[in-house]
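The values are calculated or read from the model by the stated rules, or taken from the named source; none is laboratory data. Given the structure is predicted, the values throughout are model-derived calculations rather than measurements. All Cβ positions, even for glycine, are placed from backbone atoms using ideal geometry, and neighbour counts span all protein chains on display.
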Amino acid sequence: MGCDSKVESTDGFVNWQDIVALTQSHCKMRDPSRVERIINEFVQGGPERMQLVSDFDYTITKQRTEDGGPVPSSFGIFNACKSLPVSFKEESNKLYHKYRPIEIDPHMPPEEKVQYMIEWWTKSGKLTSGFPFDQAEIDQIAGKYKNALRDRTHELFDDLNRLQIPVLVLSAGLGNSVISLLGQANLMYPNVKVVSNFLQYRDGLLDGFQQPMIHTFNKNEAVLDGSEYYDLVHNRDHIIVMGDSIGDADMAAGVPASSHIMKIGFLFDHVEANMEKYMNTFDIVLVDDQTMDVPRALLALIERQHKLRLAGNGVASATLLHT
């Protein structure tokens, strides 16, 4: 796999300045020494201790297209479906224009935003009820945006699958759209799990969303407790967390206190107003970076050391066999 980093020092220690992806002008770090320390914990721990937890909208998908155009959210894909009643589209649009500015308001404290997010999701659920709907419509719209993923997302998912690192896509959006888009992009590998809001039906008609409701400020690994996926990852204590909003930084909440967590934030909206909060919340802040280059560079270092370790063990085993 490709990697924009130089070779580690002879003792295996990685200097953050040698990782090209971290030296770019759009890559900001409040505490580079902390980032370096976590990277070296990751490298020494190997892939078997890693997991990746990622938001979907504007994290796996781009925040803007090449021509500067908007990329629809997972709910936006649903709202673009032609069979939806006109009244639903109008009311849904009103809710978006009321609550989306609150969600990205750089001046409102997250704890104050929570009540508004619950209102938004609850009202959306009531709206999304009482009419027929075919999942094939979502598939048709999602297919148009399977190329709106961050540059080198396919390579990142290939890396994660090859290294058998579990991937949790934790989305406050619409899971039906998330799975459709990832599936059509051929990224729903066996190591990928999506936890999100999914449509539910009653008597052949839409009946809101399945519980529990997942919104921007309550999505974290605590919602997995008792699940099969939780059993798979709860002892993987080296975690890369990726998101585009402040609430995403807590997606690994509920893991053991001894865990090493690298929080990567993609900043696009209200850059100047949000910069200080993002710098205080995320270990790495990527300003208008529409790529997966930073997480890929970290995985490349982990894989390189893992291969060296395996090669060393192979030599040791061969020596033992001939003594």
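Remarks
- Number of residues in region 109-146 that are under 23 Å from the mean Cα position of the chain (by Cα), exposed (fewer than 15 other Cβ atoms within 10 Å of the Cβ) and of a type in the set (A, V, I, L, M, F, W, C): the value is 1.
- Figure legend. Inter-residue proximity from region 17-36: first residues hydroxyl-bearing (S, T, Y), second residues surrounded by 15 or more Cβ atoms within 10 Å (Cβ to Cβ) and not in a loop (DSSP other than H, G, I, E, B), beta-carbon distance below 9 Å, spacing 6+ or different chains. Indicated pairs: T23/W16; S25/V287; S33/W16.
The rows are residues; the columns are (1) part of a strand (DSSP E or B); (2) over 20 Å from S196 (Cβ atoms); (3) modelled with pLDDT of 85 or more.
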| residue | (1), (2), (3) |
| --- | --- |
| H215 | no, no, no |
| N218 | no, no, no |
| Y229 | no, no, no |
| R236 | no, yes, yes |
| Y278 | no, yes, yes |
| T323 | no, yes, no |
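- Selection status of A300, outside any strand (DSSP E or B) and at pLDDT below 90: no
- Test: A253 is free of Cβ contacts under 8 Å to residues at least 60 places away in the same chain and either assigned to a loop (DSSP other than H, G, I, E, B) or within 16 Å of E36 (Cβ to Cβ) (or both): yes
- Qualifying position, being crowded, with 19+ Cβ neighbours inside 10 Å and either under 30 Å from L232 (Cα atoms) or without any contact (Cβ under 8 Å) to a residue 60 or more places away in the chain (or both), among D55, D105: D55
- Residues of region 98-142 that are outside any helix (DSSP H, G or I), of a type in the set (D, E) and within 22 Å of S177 (Cβ to Cβ): D134 alone.
- So G247, is it out of contact with any Cys (no Cβ under 9 Å at 6 or more places or on another chain) and part of a loop (DSSP other than H, G, I, E, B): no
- Cβ-Cβ under 6 Å pairs, at least 6 apart or on other chains, region 116-129 side touching a residue at least 12 places away in the same chain (Cβ under 8 Å), far side assigned to a helix (DSSP H, G or I) and charged (D, E, K, R): L127/E91
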